[in-house]
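Okay, here's the structure, questions in a sec.
The values are calculated or read from the model by the stated rules, or taken from the named source; none is laboratory data. Note that this is a predicted model, so its numbers are computed, not measured. Reconstructed Cβ throughout: ideal geometry from the backbone, glycine too, with neighbour counts over all protein chains shown.
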Amino acid sequence: MEGFFKILCLLCLFSCINGYKVLVSFSFPVRSLNLLGEGFVRHLLNAGHEVTYITAYPFKDPPKKNFRQIDVSSTKALFANQDMLNTGYMMKNTNKNSIYYVQEIALHGAKAAFADKNLQELLEDTSVKFDVVVADLLETELYAGLAAVYDCPMIWFFSMGAHSVALRLVDQPANPAYAADYLTGHIPPLSFVERVEQLWGHIQWYFLKWFYTLPAEEAEYQRLFGPLLTKRGRALPDYRELIYNASLMFSNEHHAMGNVPATPQNFKFIGGFHIEDPPKPLPKNLQTIMDSSKHGVIYFSMGSTWQSKDIPTAVKEALLKMFGELKETVVWKYEEDLPNVPPNVHIVKWAPQHSILAHPNLLFFISHGGLLSSTEALHFGVPTIGIPVLFDQFMNVNKAVNKGYALMTRLSDKLPNDLRPLIREMLDNSTYRQKAKEASMIYHDRPTKPGAELVHWLEHVVKTNGAPHLRSPALHTPLYQKLYLDLVLVILALLFVLRKMLSLIFKKKVNELKKKN
């Protein structure tokens, strides 16, 4: 018995020695992003690390050990009157993404988080130390200042896959001629018009970033972090160098989704890490509904940001009428009570999505196409009908359609009529379910689970002092060298000199001939 306790003590000591202090920042006030942050917290705590979590959605029952949360829920005021997050408004405004809006709202979200008194208290405390910082990128690099404050390695997390917005920080941007793009929603192979749109979208994005957003970020960085570094007796690093100094980038994506461009060694795909597998049991009422459905269940959810309650009344009534004509059971995540609901339609204000998707009676999923929902459908092998609204949702749904396990329609006043034939096609054609299962098999066929991979690479970064051996040489290669512009200039100079020499020789020969004549 005494030997057992000695071994136990040694194991505890080993755990304490090898546990790292990790700062995890998911401060943007969107619930789906914070679900990803909670996934980081869960895996890191299970691995024995000490986690400080910056979030707009604090745990109601936080972990008791090795955990501290920094509540920045004041940032939710940022979205209090945002039309683009209203489902009814977006029914008439889903034509394209606003590049300006995405960059602007990301920067405002970061500024609001750093203005929160709870985060300010953390940053002002010079006794606090961290071994590594993990931050959600979301189109602003202002969070890189956290790594400057704590003088530790930085790991970015990008929720929208291997996109140029993210790749430019650890390697080089993906070529718009053949890379899927959330700004346009296009996926390869691209037509001539689509390639033009992609190129123009990238030009717009970089123009806005370099001449508007980046200078604004840099000024905010100096204002926020300059005094904090002075207080710690260190100089403030140059912002335009700091943002490219990340050791690693995690991506919430998996190759099974398709159309993934080439990535460097320090770009790691951990799509699905937030999913609890096996999922928790369903509540009794939902379990009964799912189990007793003779013809199967259709699950309809527009996610946590774009809510079904904001759909115009006439469209909601038409959807209920259309769903009521089906023999299948429909579970609709709807945030309020809804009158005149048909017998086969069940309204739930909160839906345990993982548990619903895992149920064998589920036929398919009607979704907004967010990357979390898309990944969860892939994880459980469920075909989908996508109704994209904004951001990366068009790209996500297009990828699934291209893989053969999804159909797509647009969010509009005609949604009930547009959905009807797609539902019938999904019910009558088993190919979609078969393709979903095939894609799910590819997704699960990996050497380790994504949560374990997340922990491994984070620990690797700390152990190797920032993992410089993983970084791409492209980061240190100027654009003119990547494009061989210096070589082109040398060749042009040589050709110019050669032309001059030949011209002089020719003139000399002509003059000699003239003298002879």
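Let me spell it out: the conditions are (1) more than 18 Å from Ser308 (Cα to Cα); (2) crowded, with 24+ Cβ neighbours inside 10 Å, and Val401 meets all of them except one. Which number is the exception?
Of the numbered conditions (1) more than 18 Å from Ser308 (Cα to Cα); (2) crowded, with 24+ Cβ neighbours inside 10 Å, the odd one out for Val401 is (2).
Taking the stated definitions as given, is Gln198 over 23 Å from Phe157 (Cα atoms), of a type outside the set (Phe, Trp, Tyr), in contact (Cβ under 8 Å) with a residue 24 or more places away in the chain and in the same structural domain as Pro264 (by TED's automatic domain parsing)?
On the way: over 23 Å from Phe157 (Cα atoms): yes; of a type outside the set (Phe, Trp, Tyr): yes; in contact (Cβ under 8 Å) with a residue 24 or more places away in the chain: no; in the same structural domain as Pro264 (by TED's automatic domain parsing): yes.
Here the answer is no, as Gln198 does not meet what is asked.
While we're looking at this one, here's another question. Residues in the range 480-498 that are assigned to a helix (DSSP H, G or I) and surrounded by 11 or more Cβ atoms within 10 Å (Cβ to Cβ): how many? So that I can check it myself, show each step before the final result.
Applying the first criterion (assigned to a helix (DSSP H, G or I)) to the range 480-498 yields 480-482, 485-498.
If we keep only those that are surrounded by 11 or more Cβ atoms within 10 Å (Cβ to Cβ) too, we end up with 480-481, 485-491.
Residues in the range 480-498 being assigned to a helix (DSSP H, G or I) and surrounded by 11 or more Cβ atoms within 10 Å (Cβ to Cβ): 9 in total.
Tally the residues that are more than 22 Å from Ala219 (Cα to Cα) and either of a type in the set (Lys, Arg) or not assigned by TED's automatic domain parsing to the domain that holds Val41 (or both), restricting the search to the range 111-133.
Residues that pass the stated criteria total 1.
Let me ask something else about it. Name the single residue, out of those in the range 166-216 being touching a Ser or Thr at 6+ places or on another chain (Cβ under 8 Å) and small (Gly, Ala, Ser), that is nearest to Gly404 (Cα to Cα).
For the range 166-216, the residue satisfying everything is Ala179.
I'd like to verify a number: residues in the range 379-399 that are out of contact with any Gly (no Cβ under 8 Å at 6 or more places or on another chain) and at pLDDT 90 or above, how many?
5
Shifting gears a bit: Quick one: would you say Phe114 is within 29 Å of Arg31 (Cα to Cα) and in contact with a strand residue (DSSP E or B) (Cβ under 8 Å, 6 or more places away or on another chain)?
no
Now, a different point. Can you pull out every residue in the range 148-158 that is surrounded by fewer than 24 Cβ atoms within 10 Å (Cβ to Cβ) and under 23 Å from the mean Cα position of the chain (by Cα)?
Residues satisfying the conditions are Pro153, Phe158.
May I ask you to list the residues in the range 290-314 that are surrounded by 19 or more Cβ atoms within 10 Å (Cβ to Cβ) and not in a loop (DSSP other than H, G, I, E, B)?
The answer is Met290, Val297, Ile298, Tyr299, Phe300, Ser301, Ser308.
Only one residue in Arg195, Arg223, Arg234 is surrounded by 13 or more Cβ atoms within 10 Å (Cβ to Cβ), on the phi < 0 side of the Ramachandran plot and of a type in the set (Lys, Arg), so which one is that? Before the answer, list the steps.
On the way: Arg223 fails: surrounded by 13 or more Cβ atoms within 10 Å (Cβ to Cβ); Arg234 fails: surrounded by 13 or more Cβ atoms within 10 Å (Cβ to Cβ).
So the residue among Arg195, Arg223, Arg234 that is surrounded by 13 or more Cβ atoms within 10 Å (Cβ to Cβ), on the phi < 0 side of the Ramachandran plot and of a type in the set (Lys, Arg) is Arg195.
Something else: Of the residues Ala177, Ala166, which is closer than 28 Å to Ala467 by Cβ, among the small types (Gly, Ala, Ser) and assigned by TED's automatic domain parsing to the domain that holds Ala246?
Numbers: Ala177 fails: closer than 28 Å to Ala467 by Cβ.
On inspection, the qualifying residue turns out to be Ala166.
Could you check the range 172-243 for helices (runs of 4 or more DSSP H) lying wholly inside it with 3 or more residues that are of a type outside the set (Asp, Glu) and within 21 Å of the chain's Cα centre (by Cα)?
Numbers: elements: 192-208, 214-231, 239-242.
Fully inside the range 172-243 and qualifying: 192-208.
How many of the residues making up the range 412-430 are over 29 Å from the mean Cα position of the chain (by Cα) and hydroxyl-bearing (Ser, Thr, Tyr)?
Of the residues in the range 412-430, 1 are over 29 Å from the mean Cα position of the chain (by Cα) and hydroxyl-bearing (Ser, Thr, Tyr).
Moving on. Output the number of residues of the range 90-130 satisfying the condition of being at pLDDT below 80 and not in a helix (DSSP H, G or I). Write out each step before concluding.
Within the range 90-130, the subset at pLDDT below 80 is 90-101.
Retained after the next criterion (residues that are not in a helix (DSSP H, G or I)): 91-98.
The total comes to 8.
Specify which of the listed residues (Pro339, Pro421) is modelled with pLDDT under 95 and either at positive phi or not assigned by TED's automatic domain parsing to the domain that holds Met160 (or both). Give the derivation first.
Working: Pro421 fails: modelled with pLDDT under 95.
Going through Pro339, Pro421 in turn, just one is modelled with pLDDT under 95 and either at positive phi or not assigned by TED's automatic domain parsing to the domain that holds Met160 (or both): Pro339.
Another question about this same structure. Run down Glu241, Glu253 and say which single residue is crowded, with 21+ Cβ neighbours inside 10 Å, more than 30 Å from Pro421 (Cβ to Cβ) and in the same structural domain as Leu35 (by TED's automatic domain parsing). Before the answer, list the steps.
Working: Glu241 fails: crowded, with 21+ Cβ neighbours inside 10 Å.
Within the list Glu241, Glu253, the selection yields Glu253.
Here's a follow-up. Taking strands (runs of 3 or more DSSP E) that do not extend beyond the range 345-395, which have at least 2 residues that are touching a residue at least 40 places away in the same chain (Cβ under 8 Å), more than 22 Å from Leu33 (Cβ to Cβ) and not assigned by TED's automatic domain parsing to the domain that holds Thr329? Before the answer, list the steps.
On the way: elements: 345-348, 362-367, 384-386.
It comes to none.
Would you check which residues across the range 112-146 are surrounded by fewer than 24 Cβ atoms within 10 Å (Cβ to Cβ), small (Gly, Ala, Ser) and closer than 27 Å to Ser164 by Cα and list them?
Passing the criteria: only Ala112.
Right, next: So Leu411 fits all but one of (1) under 30 Å from Val22 (Cα atoms); (2) crowded, with 20+ Cβ neighbours inside 10 Å; what number is the exception?
In the conditions (1) under 30 Å from Val22 (Cα atoms); (2) crowded, with 20+ Cβ neighbours inside 10 Å, Leu411 misses (1) alone.
So which residues in the range 446-479 are acidic (Asp, Glu) and either farther than 18 Å from Ser251 by Cβ or buried (at least 19 other Cβ atoms within 10 Å of the Cβ) (or both)? Talk me through it step by step, then tell me what you get.
Taking the range 446-479 and keeping what is acidic (Asp, Glu), we get 453, 459.
Scanning the range 446-479 gives a single hit, Glu459.
Looking at (1) in a loop (DSSP other than H, G, I, E, B); (2) basic (Lys, Arg); (3) closer than 30 Å to Gln265 by Cα, can you tell me which one Arg410 breaks?
If we test Arg410 against (1) in a loop (DSSP other than H, G, I, E, B); (2) basic (Lys, Arg); (3) closer than 30 Å to Gln265 by Cα, just (3) comes out false.
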